[in-house]
Amino acid sequence: MTTLYTFAMSHFCEKVRWALDRARLPYEERLLSPGPHMLQVRLMAPRSSVPLLRDHGRIVQGSSAILDYLGNERGVTDYRLDGASAERIRDWEQRLDNGFGLSFQQLFCASATGVDAHIVKKLWGHGGPLWAKALYGVAVGPLNRIARRTYRAHLPGSFEAAAERFDRTLDSVAERLDGRRFFFGAAPGRVDITSAALLGPLLRPDNHPLPSPGLPDRLARFVAERAAHPAFSHAWHMYEAHRYAAAPYRLGHLGRHEPVT
Ligand SMILES: N[C@@H](CCC(=O)N[C@@H](CS)C(=O)NCC(=O)O)C(=O)O
């Protein structure tokens, strides 16, 4: 039995979801509720973060570690890092995890103010139990303040600092792609999946598994100003052509993911 523990809105979880779907491995997705998740995850692993994979008793935490595990232990050779470009692929993945993944968390937390509480409530509550929705109904303010501190988004200038890192990463992606369709080789690989999945919540493509409730105003303006960037075009293309078309499986609910034969 393979279980992936996620947050519905998490882009790092989407990276692993996409990798599993593309490898056509059946699994069950267990959606956790941010906040109360800490106890559940810490009972299984050293840190409280998702994604976390439980595969026939083995626990693997962290998106890149899970992709490594799929490559090395589950025979998904596309994700194995052992060729000539292994180091460069690893380096790119880390760069995107920081430059897009972490920066997005900071941009979101720094821009989500009190008026955006309805967005935060929907994102956190999506797919979760009623008691969690009720919890967010009354405690979204304090929980949001904890999230802002966790990602150091409460500090003055944090939005600008994250935006600068994000922009540098966007430009380095454009430089790398420079007319290529994919980062390495002739087919999408782990870096392409990473880049597109981590940009997913900003671009909100129609076939993203999380129906997006929108973005805080400041963040929506930030995205609109960069709409034509080649790194965004790559992510749009990845969602359009490679998210489900190349990996069809039963969709429509988060939960059981089974390849369609
Ligand atoms: N580097 C980690 C980052 C994971 C991460 O930041 N997860 C967030 C959700 S997007 C999380 O679980 N935050 C809550 C926590 O750490 O308790 C990965 O690649 O999996």
Point to revise | Antiparallel bridges, percent of DSSP beta bridges restricted to the chain (to nearest 5) | key: 75 percent
Practice item. Take peptides 32-41, 216-225 and line them up by average Cβ neighbours within 10 Å, highest first, as a rough protection proxy. Key: 32-41, 216-225
Study note, to complete from the structure: Full extension between Asp206 and Leu130 adds, at 0.36 nm per residue less the Cα distance, a length in nm of 24.8 nm
**Study point:** Extension gain, Asn98 back to Arg58 (0.36 nm per residue minus Cα-Cα distance, nm)
**Key:** 11.8 nm
Review point. So if we plug the beta-carbon distance of Met44 and Thr77 into 1/(1 + (r/R0)^6) with R0 = 22 Å, what FRET efficiency do we get, rounded to 0.05?
Key: 0.20
Review point. How many angstrom separate the Cα center of the range 221-246 from the Cα center of the range 59-74?
Key: 26 Å
Revision key, fill the gap. Once the in-chain neighbours fewer than 8 apart are removed, the aspartates and glutamates whose Cα is under 18 Å from Lys121 read Asp217
**Study point:** Under 22 Å from Lys15, Cα to Cα: lysines that are on another chain or at least 8 residues apart
**Key:** Lys122
Exercise for review: Would you give the gap between the C-alpha center of the range 103-132 and the C-alpha center of the range 16-31, rounded to a whole Å?
Suggested key: 24 Å
Review point. What's the FRET efficiency of Ala227 with His118 using the Cβ-Cβ distance as r and R₀ = 22 Å, to the nearest 0.05?
Key: 0.35
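Values quoted throughout were computed directly from the atomic coordinates according to the rules given, and no laboratory measurement underlies them. No experiment lies behind these values; they were computed from the predicted model shown. Neighbour counts are summed over all protein chains in view; Cβ atoms, including those assigned to glycine, are modelled from backbone coordinates with ideal geometry.
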